[in-house]
Amino acid sequence: MTSYNSDELLLIAEKPSRYIGQEVNSVYKSNAEVNFLLAFPDTYEVGMSHLGIKILYEVLNNISYVAAERCFAPWPDREMQLRQNRLPLTSLETQTPLADFDIVGFSLQYELSYTNVLTMLELGDVPLRRLARRESDPLIIAGGPCCFNPAPLADFIDAFVIGEGEEVVGEITAAVRTGKKNKLSRREYLAGLAQIPGIYVPAAHDKKHIIKKRSVIDLNSWPYPVKPVVPLMQTVHDRIVLEIARGCTRGCRFCQAGMLWRPYRERNLALIKEMAAKLLTSTGHDEISLLALSSGDYSCLEPLIKDLMTRHYAQRVALALPSLRVESLTGTLIEEIKRTRKTSFTLAPEAGTDKMRLIINKGNTAEDLLSTVDKVFTAGWKSIKLYFMIGLPQESQTDLEGIIDLGYQALRAAKNRGQVTISLSTFVPKPHTPFQWHRQISLAQTQAKQDFIRERIRNRNLSVKWHDARMSMLEGLFSRGDEKIGALLEKAFQKGCRFDGWTDLFHFDLWQEAIKETGINPEDYLQERDTDGTLPWDNIDCGISREFLAAELQKSVDCLETPDCRGLGCQSCGVCDFSAVKNVFSAPEDKTDQVPAAAGSVSPAIDKHYRLTFTKADRARFLSHLELSSALIRALSRSSLSLSYSSGYHPHPKISFATATSVGMESKEEFADVTAKEYLADMDLLQEEINNALPRGVKILQIRKLSTYEKDLASALWGFAYELHLPLGINEARLTVLEDNIQNFLSQTSFMIERKAKGRNISKDIRPFVKAMTMDFAQSKVKFTIRHSQQGSARPLDIIGAVLGFSEEENKQIRVVKTATILA
């Protein structure tokens, strides 16, 4: 079997930019006393969309003696590469093997990522079970909402952080630093961690020991992140995520997050505006998502949005409010949000009838929803998504019919102005909620309810989507499970289960086999629980009293509402002590800090055209053209150059490229033309500004203003010069054969090849496009020049395979370098 190095393997990996690192704002530290790996058990594009990992990365790297790096679950093709070539799973920043870190901290956001935790441990050469770990192995810790029931992972995780991590990670790293100096044993390390409030250590704590969650009392003391890593590839949420509030006062009885993250705490308006400006400057993103469990509840939302839109309108910065309650969307908010472009609009009525919304304590009505739908479509949006749950307590067929009716009523409210999508998820009764004792409906019941709704939707402008019922069943097993479920997890992992939340990789048949072989009865975990019985998560105290949760359960049975505690007083949930722990609201708006309306207008300066010459080298060669262009646009946005934008609902910078360079190809000379307001300052300083905002391997070599008579890139492009760096160790006899192949090719007037294009085989004569080709024996290089035309061109791959005669396997070891882009 051919042996490949890591970079050669990336050439044949799906989405290699997942694994290359080198992003803007990445932190590289050497000789740190404590090395901390932030591990996210899902793909890079999912993990890099998560705010928590960005916060902890910045908090940890701000500690002088700590180096924090990142690692994400490899996609199955990459996992196979690592296993076949006996390569370890490594960090992005320094390619350090997972096993060489002092601490590996997993972020547990979703139960169906648990098999990926085991995959990452095994690929990192760390024993899966904590009792099998050696003195040299890193401490394996975990945090996130799933840790509020740590039982299913108790055999695999050394220590669980219960609650919010900003403060406690500093205490953990301090303990490890001291432990390293004192040369503590693994057992002593764990005993030390067990003394830190908010940390559950299975080896040190029995189930009678109650672990109380950690909370950050004042969000204003933790203004992070302000300089987050900027992903090179497109992520799930490719934008700035700015947390304006944490927690919720609403008390929806199904909502675990609303219970776990109490009390409610707002960031001050002035701090949010300051953070927004810093984030835009440090990232170059063109959209800000204002994050909260219910962003419409933020007490200074309207002045905040008006200010942000006025300050940043010229840069075409858009705003997104990802979690709006239907009754909180005012006309003013809509008008401000739509000023730049219409981002997606999602509303969550959760249930189909007012009765059911009363049972779950949602606190709004069908009338509220339909009024909001009308406002959204009137403002110009073309589509809206409505989220509903099925399988809620006391749900009847009438409530399912209510979902259908509400969908059609929303469509009528749209008045033929757009599309309505109903999205169905199965209710999973989560720990630490009033419904934690309720049963979860069976697989068959879920599918029957989905079919009932789907079969009654018969309008091309009203569609329905649903979550896989089998995934929901597994989510219920692991969110409500005990330590015995760990054996099921390990068995499913051994059978090959990975990425169980991804439809195309979900293998329910393997889970069924694992369930059968471990003797697990799913109904034991999905069934109704006795309110007086013991729950697997009773050793975890989220702050809310058991009595309050039980009372809320009874109120749901009686169809009684619990009012929002921000307006109608304390509801005695048990979280607040009204001294250190209490609801916190933003300081009022500072009228002196308002931006005049004129500041939001677009500069009247004259548009000019600028040509950028830049490189694509090192690991940046694995970027796709879209990823490269996005990185360049973000860097330009961060500079003092004022870009010009297209008009319409989705404005974008006016930028064009000579051509798209293939993934894996290096380039010493690329061109891009940019339209911007006339730049009168020092061009060298501008070039330095842009380079400081580009990822490693991408560098601006020159910026110059174009004269009026110069051709645009599409018209000026003549061709390209390339070098092929041949595999190491190629012998002289093979080089001679290659030289013969080159001379034979050059002597031809026609050279036909077969290639695939758009799914079919075509014949193409590539000889007219190749203007020169030589062999450099001393450096084992082939150099050639190719003409580009409207009729097409020859590709380096054509030269490598058809002309030089390299096999597909050999091709993977050839480095392709574009040495020049030739303009006429």
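The values are calculated or read from the model by the stated rules, or taken from the named source; none is laboratory data. The model shown is predicted, which means the values in this text are computed figures rather than measured ones. All Cβ positions, even for glycine, are placed from backbone atoms using ideal geometry, and neighbour counts span all protein chains on display. In case anyone asks, the SASA skips ligands and DNA or RNA and just uses the protein heavy atoms, side chains included. Shrake-Rupley method; radii C 1.70, N 1.55, O 1.52, S 1.80 Å.
Worth pointing out:
- All of LEU37, LEU60, LEU56 fail the test of being part of a helix (DSSP H, G or I), open to solvent by less than 10 Å² (accessible area, probe 1.4 Å) and at pLDDT 95 or above, apart from LEU60.
- Test: residue in the stretch 272-283 that is over 16 Å from the mean Cα position of the chain (by Cα) and surrounded by 23 or more Cβ atoms within 10 Å (Cβ to Cβ): yes
- The set of residues in the stretch 385-412 that are in a helix (DSSP H, G or I) and among the aliphatic types (A, V, I, L, M) comprises LEU400, ILE403, ILE404, LEU406, ALA410, LEU411.
- Test: ALA598 is farther than 30 Å from GLU552 by Cα, modelled with pLDDT under 95 and aliphatic (A, V, I, L, M): yes
- Look at (1) open to solvent by 20 Å² or more (accessible area, probe 1.4 Å); (2) closer than 30 Å to PRO796 by Cα; (3) more than 24 Å from the chain's Cα centre (by Cα) and you find that ASP682 fails only one, number (2).
- Criterion (part of a helix (DSSP H, G or I) and either modelled with pLDDT of 90 or more or surrounded by fewer than 16 Cβ atoms within 10 Å (Cβ to Cβ) (or both)) met by exactly one of ILE822, ILE786, ILE799: ILE799
- The stretch 11-26, subset within 19 Å of PRO76 (Cα to Cα) and of a type in the set (D, E, K, R), residue surrounded by the fewest Cβ atoms within 10 Å (Cβ to Cβ): GLU14
- Boolean, THR613 is outside any helix (DSSP H, G or I), crowded, with 20+ Cβ neighbours inside 10 Å and not charged (D, E, K, R): no
- Note on the stretch 468-526: among residues that are β-branched (Val, Ile, Thr) and open to solvent by 30 Å² or more (accessible area, probe 1.4 Å), the one that is nearest to the chain's Cα centre (by Cα) is THR503.
- Boolean, PRO727 is open to solvent by 20 Å² or more (accessible area, probe 1.4 Å), over 39 Å from the mean Cα position of the chain (by Cα) and not hydrophobic (A, V, I, L, M, F, W, C): no
- Output for the stretch 86-109, where each listed residue is open to solvent by less than 10 Å² (accessible area, probe 1.4 Å) and either polar (S, T, N, Q) or on the phi > 0 side of the Ramachandran plot (or both): SER91
- Residues of the stretch 99-128 satisfying the condition of being among the acidic types (Asp, Glu) and either more than 22 Å from the chain's Cα centre (by Cα) or at pLDDT below 95 (or both): ASP100, ASP102, GLU122, ASP125
- Segments classed as strands (runs of 3 or more DSSP E), wholly inside the stretch 618-713, with at least 3 members that are touching a residue at least 60 places away in the same chain (Cβ under 8 Å): 666-677, 698-705
- Considering only residues in the stretch 722-778 that are among the basic types (Lys, Arg) and without any contact (Cβ under 8 Å) to a residue 40 or more places away in the chain, the one that is nearest to GLU670 (Cα to Cα) turns out to be ARG767.
- Residue match in the stretch 540-562 (condition: at pLDDT 95 or above, under 34 Å from the mean Cα position of the chain (by Cα) and either of a type in the set (Ser, Thr, Tyr) or open to solvent by 80 Å² or more (accessible area, probe 1.4 Å) (or both)): yes
- Within the stretch 284-319, being open to solvent by 30 Å² or more (accessible area, probe 1.4 Å) and closer than 26 Å to ASP564 by Cβ holds for LEU291, LEU293, SER299, GLU302, PRO303, LYS306.
- Some residue of the stretch 527-537 being surrounded by 19 or more Cβ atoms within 10 Å (Cβ to Cβ), closer than 30 Å to VAL575 by Cβ, out of contact with any Pro (no Cβ under 6 Å at 6 or more places or on another chain) and touching a residue at least 24 places away in the same chain (Cβ under 8 Å): yes
- Restricted to the stretch 448-467, and to residues there that are within 26 Å of the chain's Cα centre (by Cα) and not aliphatic (A, V, I, L, M), the residue that is surrounded by the fewest Cβ atoms within 10 Å (Cβ to Cβ) is LYS465.
- Filter result for the condition that a residue is out of contact with any Phe, Trp or Tyr (no Cβ under 9 Å at 6 or more places or on another chain), surrounded by 16 or more Cβ atoms within 10 Å (Cβ to Cβ) and either part of a loop (DSSP other than H, G, I, E, B) or at positive phi (or both), over SER30, SER49: SER49
- Subset tally (residues that are in contact (Cβ under 8 Å) with a residue 60 or more places away in the chain, touching an Asp or Glu at 6+ places or on another chain (Cβ under 7 Å) and more than 17 Å from ILE288 (Cβ to Cβ)) for the stretch 46-69: 2
- From the options LEU643, LEU628, LEU724, residue that is at pLDDT below 95 and not β-branched (Val, Ile, Thr): LEU643
- Every test in (1) assigned to a helix (DSSP H, G or I); (2) among the basic types (Lys, Arg); (3) more than 14 Å from ILE515 (Cα to Cα); (4) out of contact with any strand residue (DSSP E or B) (no Cβ under 8 Å at 6 or more places or on another chain) is passed by LYS449 save one, and that test is (4).
- Boolean, PHE377 is within 30 Å of GLY144 (Cα to Cα), buried (at least 16 other Cβ atoms within 10 Å of the Cβ) and under 32 Å from the mean Cα position of the chain (by Cα): no
- Residue list for the stretch 149-208, filter: on the phi < 0 side of the Ramachandran plot, outside any loop (DSSP other than H, G, I, E, B), crowded, with 22+ Cβ neighbours inside 10 Å and touching a Ser or Thr at 6+ places or on another chain (Cβ under 9 Å): PRO152
Every residue, every condition in (1) free of Cβ contacts under 8 Å to residues at least 40 places away in the same chain; (2) over 30 Å from LYS382 (Cβ atoms), yes or no:
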| residue | (1), (2) |
| --- | --- |
| THR421 | no, no |
| HIS432 | no, yes |
| TRP437 | no, yes |
| LEU443 | yes, yes |
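- Taking each residue of the stretch 796-809 that is more than 14 Å from MET752 (Cα to Cα) and looking for partners that are modelled with pLDDT of 95 or more and among the hydroxyl-bearing types (Ser, Thr, Tyr) with beta-carbon atoms closer than 9 Å, six or more apart or interchain, yields PRO796/TYR722.
- Within the stretch 70-81, the residues that satisfy the criterion of being touching a residue at least 60 places away in the same chain (Cβ under 8 Å) and crowded, with 18+ Cβ neighbours inside 10 Å are ARG70, ALA73, TRP75, ARG78, GLU79, GLN81.
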